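A quick write-up on the structure given underneath.
The values are calculated or read from the model by the stated rules, or taken from the named source; none is laboratory data. It should be emphasised that the depicted structure is a prediction, and the values quoted were computed from it without experimental measurement. Using ideal geometry, Cβ is built from the backbone for each residue, glycine included, and neighbour counts are taken over all protein chains shown.
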Amino acid sequence: MNQVNVTRTQSFVDAIALWLIQWRKPLGIIFLLLTVALGWSATNTRFDPGFDKLIPQKHQYMEAFLDHRDKFTGANRVLISLSWNGEGDIYNPEFLKRLRKATDEVFFVPGINRTTVRSLFSPEIRYNEITEFGFMGDVVIPSRFTTDEKGLAQVRSNVAKSGQIGNLVGNDLRSAMVQAELLDKDPATGLKTDYAEVATHLEKIRGQLSGDGIDIQIIGFSKVMGDVMKGLMNVVMFFALAFVITLLLLWRYSRSLKLTLLAIAVALLPVIWLLGILPLIGYGIDPMSVLVPFLIFSIGVSHAVQMSNVWKIDVLSGNDPSTGAANAFRKLAIPGTVALLANALGFMVIMLIDIPIVHELGVTACLGVALMILTNKLFMPIILSHIKLESMALRHHDYEREKPQGIWWKVSALATPGPAKISLIAMLILLVAATWQSRSLLTGDIGSGVPELRDDSQYNLDNAKIISDYSIGMDVLSVYVESTGREEACLDWEVIGMVDRFDFYMRGVEGVRSISSVAGMAKVYVSGNNEGNPRWRTLQRSENGLRAGSTAANPELGLNDQGCQTINIMVYLNDHQDSTLKHVISEAQKFIDANPVNDAKFRLAGANAGVAAATNQAVETAEAQMLIAIFSAISLLCLLTFRSWRGTLCVILPLILVCIMCNALMSLLGIGLKVATLPVIALGVGVGVDYGIYIYERLQHSLRHKKDLRGSFYDAMRNRGTAAVFTALTMTIGVGTWAFSPLKFQADMGILLAFMFLVNVLGAIFLLPALACLFGVAPDQKSTAVKGSSDADKASNEKRSAA
Amino acid sequence: MRTLLTVGISLSVIIASVFAFSHRESVPLADSRLPVDNMNITDLTPSGAGLLAAGELGHILLSTDEGKSWQATNIETKRHALITRMAFKDQQNGLAVGHEGWILRTEDGGNNWQEVRFDDKNSDPLLDVKLQSNGQWLAIGAFGKMLSSNDGLTWQVETAPNNTDWHLNGIIGSDNGRMLMIGEAGTIFKRQDLNQTWQHIPEFYTGSFYGGLHLGGSEWLVYGMRGNIYKSRDDGQSWQKVPFNIPVSLFNHIRLSDQRILLVGQGGFMFESSDNGDTFKPLTRTNRGTITDVEQLQNGNLVLSSDEGVFLQPLPKQQASNSKNDGVKS
C-alpha cells in the first residue's frame, strides 16, 4: 500500500510540477499583480490594542463582567497622581494650582468620560460634618477659595472629613490625584478611542505640570496600551535588524547574491500578502499578532533555502534552471507541504485558548502559512526557473563536496549503537532535570505592575509609587450582587447585610488591600449622620435604619446601579499574581457558597483582576488541551508521511523533551505561563517539527535505497542538515531580536521562541539518529513491499537480531 | 528487546511530560482571619480570660497575649449587629450590648457568649452598660432607652429620667455609688446614690457628650463633640469649660498608671492631662481613623481600638512643655 500510495501522490506532484513550468509566465504575472495589489492594501494595516480581545469571552467570570461592566466602567480608569517633594503636605498654593490645572487638562483628554473626572476640585467630592448646629456638608474646595493660611487649613480639614484620604489624596498627604474613566468611543468624534493619542496627551500633561517639586505619575489601562503601542513601533526596527542579519547569513550560506535576494524576496512575499489581506478581512495588528510577520518571514526563509538548495544541486548536476525548478518542486512538495501543514497545525491549536486575541493570532498565522504554500511552493520554482547561478556559488559548492568526511559524517556516528546510548543518557538526564524544574512554573503574571512592560519602565515605576501612596491601586476584583424581585436591595437587610458581611470577610483575606462596597459606604454615612460616632457605624436590619445610609447608594458612586439591582463590590488586591487571584477568588467563593441569599446572586468576577483570573484559568485549561491537540495532530501527520511509528517517535520524542525544557526555562527565568507565552509551545512545536520531518524524510529516502542507517542519516544531513541548521539560526535570530524589546511580553516570547527553534534543531540532529538507531530503524529489505511499513520495520528488526 | 527499549524510552518521555504538564498548585496564601487591623472595634475590656475587643458585625475577639494576636470568641447566636460596649461584674461574668437592643452574656470571661436579648423590630442601639453599686445592671441607649436587670438575663424597660428622648451615650460611676448619665444635646443626669432619682443638670452645652470620668472627690470630667471638655468641682452641679481649641470629637479616655488622663477620638488624636483634667494638650496622632477605646497593658504600653482596627502603641512619654495646638485640626 505504502509504495503504491507514494507513487500516486508523487505522480500527482509531478503533474503539478509540469503544469507549473508550462504556465510559468502567466502564473508569474498573476503572482506579481497580486503582490502589487496586496502591497498597496497593506499600507492600510493598523495597530489595534483592543482591550476586549484580551477577555476570555465565554468564561463565567467574564460573562458576569460583560453583563455589568457598562454600568461600572472602572476597568478603563486613568489615575494621574501629583506628588509633592517639597516641605510639608500638599496643602500649599503651588500644589493646589497644579492639581486644578491637571483636573482641567484631563477634561480634554480624547475619549474621556467627563462626568467621571474626579479630584479634590470636583463638585462631586463633598464632606459631611455634624456640628452643634446641625448637619453640614459642602464641596471640599470652596468655589471662592483663596490659598491663604486660613483657606488651606479649611481645605485640609474638609478633605479629612470627606473620606478621600487614601483615595484622591495620598495616605501621607503628600500626593493627590485626578481620576477619570475613558469611553470606548470618543464622544467628540464618535470614533474608537485612540489609546496612543490618549497616552500622548497624558504625557503632555506630565510634561507641562511636573517640575518645581512636583512629580507626576500616570497609570491606567489606556496608558499601558499607549506605551505598548509606542513599544510596538520598535518592532519595525527589530524587523529591520532581523532582515539584515538574515540577509548576511543567507549570503554567507549560498555565496550567491541572486539566491540570497531570491530567498529574502520570496520570504517577504507572504508577509506582504498577509499584511494586505488583514485590512480586507477587518483585522488589525495587535501586540500579539505582530509576532506573525516575523514568524512567516523566518519560516519563509527556511523553506526558500531548502528549495534553492535542492535546485542548486540539481542545476550543478547539469540540468537547466527550469528542469531544476521542476525537480526541486517535485522533491520538496511533500516534505515542504507537510512541514508547513505542521506549522499551520501549531497555529491552529493555539486557537483552543479561549481568548480572542489568541484566536486572531491563530487565524493570522494560519493565513500566513497558507499564503506561504502559494508563494514558496509555487511562485518560487517559477522564479528559480528563470535564474542562472553565478560562478562563485558554483565554486563554493565544489569546495563543500570535496570534504565528504566533514562534520556531518562525525555527527552521523550518533546513528550507531555506542554513541546513540550516550545521546540517550544525555536525553534522559535532561528529561529528569527539566521535568523537575518545570514543576515550579507559575501561571499568570509574575511580580507587580503591568506584565506588558518591564519592571523598570516608567509606567511600572509610576504604578509602584501610586500603590505605595494610596490605598487603592489598579488591581481590582469586582464581585457583582444581582438581586431580582427586590424593590430596593440597598434597603433590604438580607442583601445589604450580606454585602456587609462579605466586605468584612474579604478584608481578612490575605492578598486583599481594601474593599469598596455600598454597605461599607453606607455605614460611613450612617455614622456621619450620627455625629461621626463609630458606635453608630453599622447597618441595622430595619428599612428605616438602612435609610439613614441610603445616600451611599447613589449610582454615581459606581458601587451600585439604580435601585441596587446590581451591587458592585470592589476588592482591591495587592497584586494580580495567580496565587493571589486564586486565593482571593476561592475565599470569595467559599463565603458565597456558605451564605446563600434568596433572590440575590453573588457573581464573580469583573475588573482587571477578574479578567486576569479568568485568563489564567483559560490558559491553564488550554495548556493541556493544546499540547494534546498539537502532539496528536503532529504525530498523525508524521505517521501519514513516514508510514512508520518508529520514525514518528524519533521525531516526536525530542519535541516533547524540548517542550518540557521550555517550561523549565520559563520557571528559571521567572516568566509566567500566560496569554503571551502559552502559544509559544504550540508555535515552537509546529515550527520545530519541520527539522525532524525534513531530515527523517530524507533519511527514509536513503533507507529505501538500502543504505545503512548511518549512511542514510549522513545523506540526510548533507542534503538537508546544513539548511536546517541555517534555518534554525535565521529563525532564532528573527525572534531573538525581540529579547531587546521594551515590551516585557515580547521579550519573553522572543527568548522562548528562540529557545524552541534552536533547541529543536539540536534535538533533530543529536537525538533523532540516536533514537532511530536504538529503535531499530533499518534499511528496507523489500523495497517493493506492499505491506505496511511497521511490518517492514519488524521484518528488518528480526533480521538484525538474527544477525 | 528492541521493542521493549522503544516502548520504555517512549513511555518514560511521555510519563515525564504528563507529570511536567499536569496541574501545578500555586503557592498557598495565609488563611483568612478576622480583619483585626481593619474593622470597627468600639470597645476594649480586660477580663479573666484576657483582653476582649468587640464591634463590627457583632464580633467579639479575645487576646491572651497582650493584644498581639486575636481569636474569635464563641457567640451562640450571630446577629451581625454592631456591639457598642462591654462590661464585667468580675473576672468571669460580663455583658456586651449593641445595636438592635442586643445583649450578650458570658460566664467564662468572654470565651462563650449567650444571647439574652435581641429586638429585631426596634433597631435602636444600646450604647452603654454599667454595673451599679447594688449589683444591678443598667443599660442605656438611643432615644432615651433605659433597661435594667438584676442577673443580666431578664431585662426591664425603665423610664428615662425626665422622659428624655435624647440619645444616652454613657454612664459614669464613682467608687462611692454616685453616677452621671450623659448624652446628646448636652444631656447630663446625676444621681447621688441609688435611693435617689436621676437629677437633670440644666444644659450648658448644645452638642453631645460621649464619655467622662470621676476625677476623685467631687471632681468630674465630661467630654464630647468637637473638643468640648467640661469639668465640675462640685459633684456635677456646675461645669466649667476646659480650655481646648482642637475641634475633634472625643470618644473615650483612660486614667494611666501614672495618673495622667488620656482622651482619644477623631482623627487618631490622643490628648493628655497631667493636672487631673484642668488642661489638655495633644500627645500624639496615630494614623488610624477614629480611636474608640484605649487600655493600658501590663508593660505600660497602650492598646487602642479604632474604626480601623486594634493596634498597639508605646506609651508616649509625659511632655515637658506645652506644644502648640495650631495646625492639628481635623
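Looking at segment A:428-482 only, could you name the residues that are among the small types (Gly, Ala, Ser), over 25 Å from the mean Cα position of the chain (by Cα), modelled with pLDDT under 90 and over 30 Å from A:Thr566 (Cα atoms)?
Within segment A:428-482, A:Ser468 is the sole residue that qualifies.
Regarding segment B:239-248, can at least one residue be identified that is under 15 Å from B:Val303 (Cα atoms), within 14 Å of chain A (Cβ to nearest Cβ) and among the polar types (S, T, N, Q)?
The answer is no, given that none of the residues of segment B:239-248 is under 15 Å from B:Val303 (Cα atoms), within 14 Å of chain A (Cβ to nearest Cβ) and among the polar types (S, T, N, Q).
Do the conditions hold for A:Gly520, that is, is it surrounded by 18 or more Cβ atoms within 10 Å (Cβ to Cβ), touching a residue at least 24 places away in the same chain (Cβ under 8 Å) and closer than 18 Å to B:Gly289 by Cβ?
no
Give the residues of segment A:468-512 that are of a type in the set (S, T, N, Q), outside any loop (DSSP other than H, G, I, E, B) and surrounded by fewer than 21 Cβ atoms within 10 Å (Cβ to Cβ), sorted by residue number.
A:Ser468 - this is the single residue of segment A:468-512 that is of a type in the set (S, T, N, Q), outside any loop (DSSP other than H, G, I, E, B) and surrounded by fewer than 21 Cβ atoms within 10 Å (Cβ to Cβ).
Regarding B:Ser148, is this residue polar (S, T, N, Q), under 22 Å from the mean Cα position of the chain (by Cα), modelled with pLDDT under 90 and over 27 Å from B:Gly50 (Cβ atoms)?
Answer is no for this residue.
Considering segment B:98-124 alone, what residues qualify as being under 19 Å from the mean Cα position of the chain (by Cα), within 13 Å of chain A (Cβ to nearest Cβ) and either among the hydrophobic types (A, V, I, L, M, F, W, C) or over 21 Å from A:Arg535 (Cβ atoms) (or both)?
B:Trp102
Every residue, every condition in (1) over 12 Å from A:Val109 (Cα atoms); (2) buried (at least 17 other Cβ atoms within 10 Å of the Cβ); (3) at pLDDT below 90, yes or no:
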{"residue": "A:Asp184", "(1), (2), (3)": "yes, no, yes"}
{"residue": "A:His201", "(1), (2), (3)": "no, yes, yes"}
{"residue": "A:Asp212", "(1), (2), (3)": "yes, no, yes"}
{"residue": "A:Ile216", "(1), (2), (3)": "yes, yes, no"}
{"residue": "A:Lys230", "(1), (2), (3)": "yes, no, yes"}
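Filter segment B:303-322 for residues that are in a loop (DSSP other than H, G, I, E, B) and surrounded by fewer than 17 Cβ atoms within 10 Å (Cβ to Cβ); which is modelled with the highest pLDDT?
Selected residue: B:Pro314.
Is at least one residue of segment A:268-283 of a type in the set (Phe, Trp, Tyr) and either outside any helix (DSSP H, G or I) or surrounded by 24 or more Cβ atoms within 10 Å (Cβ to Cβ) (or both)?
yes
Please state which one of A:Ala188, A:Ala180, A:Ala176 is among the aliphatic types (A, V, I, L, M), assigned to a loop (DSSP other than H, G, I, E, B), touching a residue at least 12 places away in the same chain (Cβ under 8 Å) and away from every other protein chain (no Cβ under 11 Å).
Checking each option against the conditions leaves just A:Ala188.
Six or more apart or on different chains, Cβ atoms under 8 Å: show the pairs whose first residue is in segment B:21-50 and within 7 Å of another protein chain (Cβ to nearest Cβ) and whose second is among the acidic types (Asp, Glu) and assigned to a loop (DSSP other than H, G, I, E, B).
What qualifies is B:Leu29/A:Glu510; B:Ala30/A:Glu510; B:Ser32/A:Glu510; B:Asn38/B:Glu308; B:Met39/B:Glu308; B:Asn40/B:Asp307; B:Asn40/B:Glu308.
Go through segment B:184-215 and count every residue that is buried (at least 23 other Cβ atoms within 10 Å of the Cβ), within 14 Å of another protein chain (Cβ to nearest Cβ) and at negative phi.
Number satisfying all stated conditions: 5.
Conditions: (1) in contact with a His (Cβ under 9 Å, 6 or more places away or on another chain); (2) surrounded by 15 or more Cβ atoms within 10 Å (Cβ to Cβ); (3) more than 9 Å from chain A (Cβ to nearest Cβ). B:Leu95 meets all but one. Number of the miss?
Tallying (1) in contact with a His (Cβ under 9 Å, 6 or more places away or on another chain); (2) surrounded by 15 or more Cβ atoms within 10 Å (Cβ to Cβ); (3) more than 9 Å from chain A (Cβ to nearest Cβ), B:Leu95 fails exactly one: (1).
List, please: which pairs have Cβ atoms under 6 Å, are six or more places apart or on different chains, and start with a residue in segment B:69-81 that is away from chain A (no Cβ under 13 Å) and end with one that is surrounded by 12 or more Cβ atoms within 10 Å (Cβ to Cβ) and in a loop (DSSP other than H, G, I, E, B)?
Note: pairs meeting the criteria are B:Thr73/B:Gly110; B:Thr73/B:Asn111.
Can you pull out the residues in segment A:593-619 that are surrounded by fewer than 19 Cβ atoms within 10 Å (Cβ to Cβ) and either in a helix (DSSP H, G or I) or basic (Lys, Arg) (or both)?
Within segment A:593-619, A:Asp593, A:Ala594, A:Lys601 meet the criteria.
Residues in segment A:745-759: is at least one at pLDDT 85 or above and in contact with an Asp or Glu (Cβ under 9 Å, 6 or more places away or on another chain)?
No: zero hits.
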